[in-house]
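A.B. asks: What follows is a single structure, and I will ask about it in a moment.
The values are calculated or read from the model by the stated rules, or taken from the named source; none is laboratory data. Source: prediction; values computed, not measured. A quick note on method: Cβ atoms are made from the backbone with ideal geometry, for glycine too, and the neighbour counts reach across all protein chains shown. Ligands, DNA and RNA are stripped out before the accessible areas are found, and what is left, the full protein with its side chains, is counted by its heavy atoms. Shrake-Rupley method; radii C 1.70, N 1.55, O 1.52, S 1.80 Å.
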Amino acid sequence: MGEKTVKVYVASNVGVDYFFFLCKTIERAGYDVTPLYLITEVNYRKLSKSSSFKKIWLRVQMYIFYPLYLIYKGLASAQNSIFVVSSNTFYAPLLLKKIVGFKKGVVIHMLYDLYPDAIEIAGVINVNSIASKTIGKITMLNQRKCDATVYLGEFLKEHAEKRWTNAKVSDVIDISTDLALYKNSFDNLQDNHKLIIHYGGQLGHLHDAVSIIECIKYISASDIADLVEFNFYVSGAQADMLRENLKEYPVKIISAVPSNQWREDIRFFHIGLVSLSPGGASVCLPSKTYGMMAGGMAIMAICPAWSDLASLVKRLDAGMIINNSPYKTKQDLHSDYRQNIVALRPIDEITRDFYNGLKSYLKDNALLTEKRTNAFYGIRENFNIDVLSKHWHKVIQDVTVK
C-alpha cells in the first residue's frame with residue numbers, strides 16, 4: 001500500500017501496548033515507522049503508584065522532557081516527514097506542527113483523550129474558566145493546524161468538532177489491540193464454577209466508579225451473591241475509593257499488572273467489566289475493551305447507551321450495555337446538550353439492570369458462550385491489523401497526495 005521510503009514517526013509520551021500496535025499497524029500499511037516515546041510502561045506504572053515526589057517527576061517527564069524530545073526529533077527530521085502524534089500530552093501535536101511545518105512535515109493528531117473536556121469532567125477545572133479557555137484554544141489549534149485528526153469513535157468525533165471546530169481531515173479508526181499477542185482460543189465456563197467478572201486497567205475520573213461500587217454491593221446482597229466473583233486489576237484516580245468502599249466485601253482488588261501478565265490471566269475470566277461516566281463517554285473510550293474481547297470475555301459495559309463504547313459492544317453483539325445515562329440516543333441529548341451529556345441515571349435503575357444482566361447469564365450458559373464467541377471472533381474479523389492498516393493508509397494518503 002504505502003512506500004517504505006516514506007518515513008512515519010509515531011509519538012506518545014508513554015510506550016504502552018496500544019502505542020506499539022499502532023506503530024505495527026502503520027508499518028503493515030507499507031511505511032517506514034519509527035516509534036518516539038520517553039517513558040516505558042513499567043516505569044510509568046511504577047512512578048504512578050509511588051510517592052508524591054515521584055509522581056511529580058513523572059509529570060515533568062510527560063509534559064516537559066517529552067515535548068523537548070519531540071522538538072529535537074522534529075528539527076532533525078527530513079523534509080516531508082510524517083508524524084502521528086497522540087494527545088497524551090495534549091499540546092504535543094500543535095507544538096510539533098509548528099516545528100516541522102516550515103519543512104513541509106505532516107502531523108496527524110491521534111486523539112485519545114479530549115482536553116479540556118477530560119479535566120472539566122474530572123472536576124480539576126471549571127467549564128469556561130480561564131484554564132478551560134486556554135486549553136480549549138490549544139485544542140482548537142490542534143484541529144485547525146494539524147493536517148488530520150484521527151478519532152476513536154463517531155460520537156467522540158462529533159462531540160470534539162461540535163465544541164472545538166472541525167479538523168482539516170478526519171477519520172475514525174478503532175484503537176483495537178495486537179491480536180498476535182493473544183491465544184487462539186478461550187475456555188468455556190465449566191459447570192459449578194463461579195461467574196468471574198473482571199475489571200482491568202485504569203479507573204479514573206472518566207469512569208463510573210460509583211455505579212460499579214453500588215452494583216457490586218447490590219449483587220453481594222442478592223440471591224446470586226455466591227454464584228459470581230468480582231476481580232479487579234486496577235489503578236488510577238478512583239482505585240483507592242474502590243478499595244475503601246469495597247473493603248468489607250469479598251472482592252479481589254490488586255494493582256494493575258504488566259500487559260503480558262494480564263493477557264495470561266484473562267483466560268480464567270468470563271466477563272470483562274468496563275465503564276464510562278456519561279461525561280467521560282464524550283471524551284474517551286477504554287482501550288482495555290478490545291483486549292478483553294480478544295481474550296474471549298463477554299463485555300458488561302456500564303456506560304451511556306449513546307456512547308461509542310455501547311456502539312462497539314452492540315456492533316459485535318459481544319455483551320450487554322448497562323445504560324447509566326437517562327438518555328438512550330444522541331438525538332435525546334440535543335435539547336440541552338451540555339447538561340444532558342453529563343446527566344446520570346438513578347443508581348437503583350443501574351444496579352437493577354446490572355443484576356438482571358448477570359442473572360440472565362447464570363440462567364443461560366449458552367447465552368454467555370454466544371457473547372464470548374462473538375467478542376472473540378468479532379474483533380478478529382473487524383479490527384485486525386490488515387483492516388486497520390488500510391484505514392491508516394487512506395488517512396496518510398489523504399494528507400500527503402496533492
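A.B. asks: Would the stretch 296-402 count as rounded, prolate or oblate if I go by the C-alpha gyration tensor, calling it rounded below 1.5 in a/c and otherwise prolate when a/b exceeds b/c, oblate otherwise?
C.D. replies: Oblate, because a/c is 1.5 or more while a/b does not exceed b/c.
A.B. asks: Relative contact order for the stretch 180-382 using alpha-carbon pairs under 8 Å, separation at least 6, rounded to a whole percent?
C.D. replies: 23 percent
A.B. asks: Work out how much length T134 to V342 would gain on full extension: take 0.36 nm times their residue separation and subtract the Cα-Cα distance, in nm to one decimal.
C.D. replies: 72.7 nm
A.B. asks: Determine the gain in length on full extension of the stretch T165-Y249; use 0.36 nm per residue of separation and subtract their C-alpha separation, reporting nm with one decimal.
C.D. replies: 25.6 nm
A.B. asks: Under a cut-off of 21 Å between alpha-carbon atoms, report the lysines in cross-link reach of K54, not counting same-chain residues fewer than 8 places apart.
C.D. replies: Reachable lysines: K46.
A.B. asks: Measuring from the lowest to the highest alpha carbon on each principal axis, how far does the chain reach, largest first, in angstroms?
C.D. replies: Sorted largest first, the three principal extents are 67, 47, 45 Å.
A.B. asks: Continuing with the same structure: Quick one: check the C-alpha center-to-center distance for the stretch 59-138 versus the stretch 214-284, whole angstrom.
C.D. replies: Each part reduced to its Cα centre gives a spacing of 32 Å.
A.B. asks: Let me ask another. Can you work out the Karplus-derived ³J(HN,Hα) for every residue in the stretch 300-307? Use 6.51 cos²θ - 1.76 cosθ + 1.60 with θ = phi - 60°, whole Hz, and x for glycine or proline.
C.D. replies: My calculation for the stretch 300-307 gives 10, 10, 8, 6, x, 5, 8, 7 Hz in order.
A.B. asks: List nothing, just return the count: lysine pairs in the stretch 77-177, 8 or more apart or interchain, with Cα separation under 12 Å.
C.D. replies: Close lysine pairs under the 12 Å cut-off: 4.
A.B. asks: In straight Cα distance, which aspartates and glutamates are under 18 Å from K217, not counting same-chain residues fewer than 8 positions off?
C.D. replies: Straight-distance partners of K217: D208, D226, E229, D240, E244, E248, D348, E349, D353.
A.B. asks: Let's test the formula: R0 of 22 Å, r as the Cβ-Cβ distance of Y72 and N43. What FRET efficiency results, to the nearest 0.05?
C.D. replies: Computed FRET efficiency for Y72 and N43: 0.65.
A.B. asks: Would you mind classifying the stretch 18-140 by shape? Square roots of the alpha carbon gyration tensor eigenvalues, ordered a ≥ b ≥ c; an a/c under 1.5 is rounded, otherwise it is prolate if a/b is larger than b/c and oblate if not.
C.D. replies: It is oblate, given that a/c is not under 1.5 and a/b is not larger than b/c.
A.B. asks: Further question: Can you order the peptides 303-309, 234-240 by their average number of other Cβ atoms within 10 Å per residue, highest first?
C.D. replies: The packing order, highest mean first, is 303-309, 234-240.
A.B. asks: Among I254, I138, I385, which one shows the highest mean-square fluctuation when the chain is modelled as a Gaussian network with alpha-carbon springs under 10 Å?
C.D. replies: Of I254, I138, I385, the most mobile in the Gaussian network model is I254.
A.B. asks: Hey, can you rank 124-135, 211-222 by average C-beta count inside 10 Å, highest first?
C.D. replies: 211-222, 124-135
A.B. asks: Separate question: Return, ordered by residue number, the residues of the stretch 352-388 whose backbone nitrogen is under 15 Å from a label point located 7 Å along Cα→Cβ of V172.
C.D. replies: 383
A.B. asks: Let me ask something else. Just going by the charge dipole of the chain, with Lys and Arg at +1 and Asp and Glu at -1 on Cβ, which of Y151, P258, G200 is farthest out on the positive end?
C.D. replies: In the chain, that residue is Y151.
A.B. asks: Carbon and sulfur atoms: what percent of the 1.4 Å accessible area of the chain do they account for?
C.D. replies: With neighbouring chains kept in place, the figure for the chain is 52 percent.
A.B. asks: With r defined as the distance between the Cβ atoms of D398 and R315 and R0 fixed at 25 Å, what FRET efficiency is calculated, to the nearest 0.05?
C.D. replies: With R0 = 25 Å, the Cβ-Cβ based efficiency is 0.55.
A.B. asks: Can you tell me the dipole magnitude for the stretch 180-382 around its Cα centre, using point charges on the Cβ only (Lys, Arg +1; Asp, Glu -1), in Debye to the nearest 20?
C.D. replies: In total the dipole reaches around 400 debye.
A.B. asks: Rank by packing, highest mean first: peptides 394-400, 338-344, 46-52, with packing defined as the count of other Cβ atoms within 10 Å averaged across residues.
C.D. replies: Sorting 394-400, 338-344, 46-52 by mean packing, highest first, produces 394-400, 338-344, 46-52.
A.B. asks: While we're looking at this one, here's another question. Let me have the 222 nm mean residue ellipticity of the chain computed from DSSP H runs of 4+ only, each contributing -39500 (n - 2.57), with the sum over all residues rounded to the nearest 500.
C.D. replies: Mean residue ellipticity at 222 nm (helix-derived): -13000 deg cm²/dmol.
A.B. asks: Considering Cα pairs under 8 angstrom that are at least six residues apart, work out the relative contact order of the chain and quote it in whole percent.
C.D. replies: 15 percent
A.B. asks: Specify whether the C-alpha gyration tensor of the stretch 180-382 places it in the rounded, prolate or oblate class, a ≥ b ≥ c being the square roots of the eigenvalues: rounded for a/c under 1.5, otherwise prolate if a/b is larger than b/c and oblate if not.
C.D. replies: Rounded.
A.B. asks: Then there is this: Using only Cα atoms and rounding to the nearest 10 degrees, what angle (0 to 90) does helix 347-363 make with the longest principal axis of the chain?
C.D. replies: Around 70 degrees separate the two axes.
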